[in-house]
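Structure first, then comments.
The values are calculated or read from the model by the stated rules, or taken from the named source; none is laboratory data. Every value quoted in this text rests on a predicted model; they were computed, and no experiment measured them. So basically every Cβ, Gly included, is an ideal-geometry build from the backbone, and we count neighbours across all protein chains shown.
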Amino acid sequence: MHTTLWSGQSLRHILFDLDGTLVDSVRMTCAIIDEMLAERGISFIADHATARAMDAIGGEAMIAAVMGPHCRDPKQEIAEFRTRHAVAATPPDLAFPGVAEALARLATAGLGMAICSNKPQHLCEKIMSDLNLARHFGAVFGAVADRPRKPAPDAALAALVALDADSATTLYIGDSLVDVATAHAAGLQVALVDWGYGVDAARAAAPDVPLLQSLMQLLN
């Protein structure tokens, strides 16, 4: 079974962003930052709205924005954050509602799928494994030292190779303007999820990008 792509061609492969698209990672981000600061005796609660706004950028800029005046050195803070993230328990309900079920249906329908994320590779793999979602994906491409981050197309192009996919029958799904730019740079059609962190800004800048209310729409 192959579903319809936005252009009317047959959809055979899907590349997904991870944070803000498939998983509500801001919950973990803020909990870890709260823990870091609490251990320093700082009674500061990370703002979820700031974390959502900075999610697509990530890294040092994200940690500096979310920690605000309590950020000592962004490079050190993000290193500590990632160390803690690597051993933190992944909440079993971290995937957005309906995502796990939809991914299982898409896989059963024969769609080849991959992850393209700016989250470090090992953290992508951990979350996907902990949530029992990795089994649906042919490849997971997170951030690694020798590959440019999104919106550079490198991860998306590598995913196409890994899946033996044709760009004409592959859809990129994300939640931010970074994802729209990544898809365009890779020559892919793109859709946004309406529950995503950066969807409002992305739609304001790219109003013609299709919006999904559910991943089940991909099976129509």
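Pairs meeting the criteria (first residue in segment 90-104 and more than 18 Å from Gly174 (Cα to Cα) and crowded, with 18+ Cβ neighbours inside 10 Å, second residue acidic (Asp, Glu) and at pLDDT 95 or above, beta carbons under 6 Å, at least 6 apart or on different chains) are Thr90/Asp130.
Identification of helices (runs of 4 or more DSSP H) wholly contained in segment 1-77 with 2 or more residues that are farther than 30 Å from Asp208 by Cβ yields 26-38, 59-67.
Taken together, the residues in segment 166-188 that are surrounded by fewer than 21 Cβ atoms within 10 Å (Cβ to Cβ) and farther than 23 Å from Ala51 by Cβ amount to 7. Of all residues in segment 132-143, exactly one satisfies the criterion of being in a helix (DSSP H, G or I) and surrounded by 17 or more Cβ atoms within 10 Å (Cβ to Cβ), namely His136. Within segment 1-9, identify whether any single residue is of a type in the set (A, V, I, L, M, F, W, C) and either farther than 27 Å from Leu192 by Cα or modelled with pLDDT of 95 or more (or both), and answer yes or no. No, the conditions are met nowhere in segment 1-9. Report, by residue number, each residue of segment 80-89 that is of a type outside the set (Phe, Trp, Tyr) and surrounded by 13 or more Cβ atoms within 10 Å (Cβ to Cβ). Glu80, Arg82, Arg84, His85, Ala88 - these are the residues of segment 80-89 that are of a type outside the set (Phe, Trp, Tyr) and surrounded by 13 or more Cβ atoms within 10 Å (Cβ to Cβ). Selection within segment 201-220: residues that are free of Cβ contacts under 8 Å to residues at least 24 places away in the same chain, of a type outside the set (S, T, N, Q) and exposed (fewer than 15 other Cβ atoms within 10 Å of the Cβ). The member of this set that is nearest to Pro97 (Cα to Cα) is Leu211.
Within segment 144-165, being among the charged types (D, E, K, R) and either under 17 Å from the mean Cα position of the chain (by Cα) or buried (at least 20 other Cβ atoms within 10 Å of the Cβ) (or both) holds for Arg147, Arg149, Lys150, Asp154. Cβ separations smaller than 9 Å between residues 6+ apart or across chains give the following pairs from segment 149-169 residues that are at positive phi to residues that are surrounded by 18 or more Cβ atoms within 10 Å (Cβ to Cβ): Asp164/His13; Asp164/Gly112.
Of all the residues in segment 11-40, those that are hydroxyl-bearing (Ser, Thr, Tyr) and touching a residue at least 60 places away in the same chain (Cβ under 8 Å) number 2. On the basis of being under 25 Å from Gln121 (Cβ atoms), within 17 Å of the chain's Cα centre (by Cα) and buried (at least 20 other Cβ atoms within 10 Å of the Cβ), does Ala46 make the cut? Spelling it out, it is not the case that Ala46 is under 25 Å from Gln121 (Cβ atoms), within 17 Å of the chain's Cα centre (by Cα) and buried (at least 20 other Cβ atoms within 10 Å of the Cβ). On the basis of being buried (at least 21 other Cβ atoms within 10 Å of the Cβ), in a loop (DSSP other than H, G, I, E, B), touching a residue at least 24 places away in the same chain (Cβ under 8 Å) and of a type outside the set (Lys, Arg), does Ala114 make the cut? Against the criterion (buried (at least 21 other Cβ atoms within 10 Å of the Cβ), in a loop (DSSP other than H, G, I, E, B), touching a residue at least 24 places away in the same chain (Cβ under 8 Å) and of a type outside the set (Lys, Arg)), Ala114 does not qualify.
Check whether at least one residue in segment 205-219 is under 25 Å from Lys126 (Cβ atoms) and either of a type outside the set (Asp, Glu) or part of a loop (DSSP other than H, G, I, E, B) (or both), and report yes or no.
In the first step, residues of segment 205-219 are kept if they are under 25 Å from Lys126 (Cβ atoms); the result is 215.
The next check asks that each one be either of a type outside the set (Asp, Glu) or part of a loop (DSSP other than H, G, I, E, B) (or both); those that pass are 215.
Yes, that holds for at least one residue.
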